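I have a structure here, written as structure tokens, and I will follow up with some questions on it.
Here, each number is a calculation from the coordinates, and none is a lab measurement. On a predicted model such as this, the values are computed, not experimentally measured, just so you know. Here Cβ is always computed from backbone atoms with ideal geometry, including for glycine, and neighbour counts include all displayed protein chains.
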Amino acid sequence: MLEIQDICRRFTTPDGAVVRALEDVSLTIREHEIISLVGTSGCGKSTLLRLLSGLDHPTEGLVQLDGRTVDKPSPEIGMVFQEPRLLPWLTVTDNVGVALLDTPKTEKAERVAAVLEKVGLTKFADALPRQLSGGMAQRVAIARALVRRPSILLMDEPFSALDSFTKQTLQDHVLDLWRDESFTVVLVTHDLEEAVTLSDRVVVMRGNPGRIDRVVEIDSKRPRDRTSDAVQSLKRDLTAALHLN
Amino acid sequence: MAVLDDIKETIGLRSDHTTGGAASRGSSLLPGRGTLLGFALPLGLVALWQVASATGFADPQLLPAPGEVLGEIVALWQSGDLVEHIAVTMGRVAGGFLWGAVAATVLGILTGTSTWARQFLDPTIQALKAVPSLAWVPLFILWFGIFEDSKLMLIAVGVFFPVYLNLMTAIRDVDRKLIELARVNGLSRWQTVRWVLLPATLPAYVTGLRGGLALGWMFVVAAELMGASEGLGFLMIDGQMTGRPAIIIGALILFAIAGQITDKLLWLATRKPLAWQDTLDSLEGGRNNA
Ligand SMILES: Nc1ncnc2c1ncn2[C@@H]1O[C@H](COP(=O)(O)OP(=O)(O)OP(=O)(O)O)[C@@H](O)[C@H]1O
Ligand SMILES: [Mg+2]
């Protein structure tokens, strides 16, 4: 269980102004749920995700994973950024292996091979990043996050740079992985249809200062048909909620 | 047509890359069509030179015939003097290059990684850079004498700046996002250097080294013209004093060849770790760079 308790995060800009990126944010993320963060640009979604990852620290408040405070990155928490962030000088295998540098060689090789198989990139194990398409590169990034077997997978707009077909394929793919591996997913997205088709809960944030506006529960069973009335009407509701801000 | 051929060649090499064979890139070591094309202009100039000499258009006192230049070089070679001169000059370049590159690497890493070191050292280094390097000559001679030390010092100064500037800038410009990635994946400080910083800065560092080497060759000439009893530069002065233009031209050509060879060696030594680069050079198998 990932608990966000009364978090504030303020930035001081070089000219002395204070930006209240997050203000009084509390949220409990349950085990094995998929939760989406949506909201207008600049409302603090990425900031919140970075706090959850341990890359950044709250000005006030706490982030706790199973009762322990998250204050630095840990293997239990995996992160997929908006862009793949592959190291261009390493092959696909080594790019994933970078997440397991302290693991014994043979175990590392096995785990990397297994995760590449899972994201369907076995054939490209020896390719360099420049030989990959955008969707393949993002799959490598997902593999790299999963190879450490995190209990939480954080994703910051992971599919936003992809065309809609590749995007849907990858969404389904992540759902499959999620079903097999039983990790928790926190997904930042601008795509409300993505949020509605994937999530158990959608957290709507509003900016300036960044706060949680409402949390929408979605009960229907997965996989959900993107074109179904239920999904489309939820999407409309969320759109309306966002425009109210 | 030539353009079309170039494109085909590029595409051909490109598909080599996608099959990922480092071995296939090795073929560019052999002189390909592109390399041969590069020889066309110099050979043409030599032919023109020969014609000018044979027809008496060129004054042999100023521009002796190619055969005569070659003859002088061969004679020097046979006497063993030439090997000696080349070895001395190469030794000076190597020594100066080593000192300059090592100093630049240490300082570049310092100012690149530490804000404090940069604020403390970089302004001074930048100010020193503004001094035209040859202006150091009188001071170095005064300090280190007219023999080897002042020469090495001068060459080292020439080598230092391109290496230092390239390395410092490259370290500072390493994508912060990649550093963050290293943090997320729990890389230690040393692991971050090994897996991220080093490979990311290598291309610019090699560019700096090659630029430094070129300046090293430039400055060895200056150092040897200043006063030396051995070396290719001395050979040129000697040819000038004794009125033998063939020697001057011969030394000139040898400088060009030696400079090319050392640059090529540096390029070869660093080619493999840089093969990942997604640049025009890599599309063309690095041939343009050679
Ligand atoms: N390092 C920083 N220094 C100063 N201000 C920052 C910093 N990081 C974020 N901010 C500010 O915090 C606010 C929230 O930024 P954040 O990146 O979290 O927004 P976001 O919801 O992810 O937006 P987007 O949807 O555009 O990605 C913005 O006003 C931003 O300018
Ligand atoms: Mg963001």
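On alpha carbon coordinates alone, what is the Rg over Rh value for the protein assembly as shown, Rh being the Kirkwood radius?
1.12
Can you tell me the convex hull volume per residue for the range B:65-275, based on C-alpha atoms, in Å³ to the nearest whole number? Please list the in-between numbers first.
Values: hull volume 29.2 nm³, N = 211.
Dividing the Cα hull volume of the range B:65-275 by its residues yields 138 Å³.
For the range A:84-149, restrict the atom set to alpha-carbon positions and state the Rg and Dmax in Å.
Cα only, the range A:84-149: 10.4, 31 Å (Rg, Dmax).
Could you check what % of the DSSP bridge pairs in chain A are antiparallel, to the nearest 5?
Values: 21 of 39 bridges.
About 55 percent, rounded to the nearest 5.
Related question: Mind checking the mean number of beta-carbon atoms from other chains within 10 Å of the Cβ atoms in A:85-91?
6
Using θ = phi - 60° and the Karplus relation 6.51 cos²θ - 1.76 cosθ + 1.60, list the HN-Hα couplings for the range A:39-53 in order, rounded to whole Hz, with x at every Gly or Pro.
x, 5, 4, x, 8, x, 4, 5, 4, 5, 5, 5, 5, 5, 7
Summarise the partner chain shielding of B:173-186 as one whole number: the mean count of Cβ atoms from other chains within 10 Å of each residue's Cβ. Intermediate results must be reported in sequence, preceding the final value.
Details: counts 0, 0, 2, 0, 4, 4, 0, 8, 11, 5, 6, 17, 12, 10.
Average per residue, whole number: 6.
How are the Cα pair distances of chain A distributed, in percent, across 10 Å bins from 0?
Values per bin, smallest distances first: 7, 31, 35, 22, 6, 0.
Taking the Cα centre of the range A:84-149 as origin, work out the dipole magnitude from +1 charges on Lys and Arg Cβ and -1 charges on Asp and Glu Cβ, in debye rounded to 20.
On the way: 11 positive and 6 negative charges, 40 e Å.
With Lys and Arg at +1 and Asp and Glu at -1, about 200 debye.
What fraction of the DSSP beta bridges in the protein assembly as shown is antiparallel, stated in percent and rounded to the nearest 5?
On the way: 21 of 39 bridges.
Roughly 55 percent of the DSSP beta bridges within the protein assembly as shown come out antiparallel.
Oh, and also: Please check chain A for the longest run free of trypsin sites (Lys or Arg not before Pro) that are loop-located per DSSP (anything but H, G, I, E, B) and have at most 12 other Cβ atoms within 10 Å. Don't skip to the answer; put the middle values down first.
Values: sites that count: A:Arg30, A:Lys221.
Result, exposed sites excluded: A:31-220.
If you fit an axis through the alpha-carbon atoms of helix A:105-118 and take the longest principal axis of the Cα set of chain A, what angle between them do you get, 0 to 90°, nearest 10?
For A:105-118 against chain A, the angle is about 70 degrees.
Kindly give Rg over Rh for the range B:134-246, based on alpha-carbon atoms, with the Kirkwood expression for the hydrodynamic radius.
Numbers: Rg = 20.8 Å, Rh = 16.8 Å.
Rg/Rh: 1.24.
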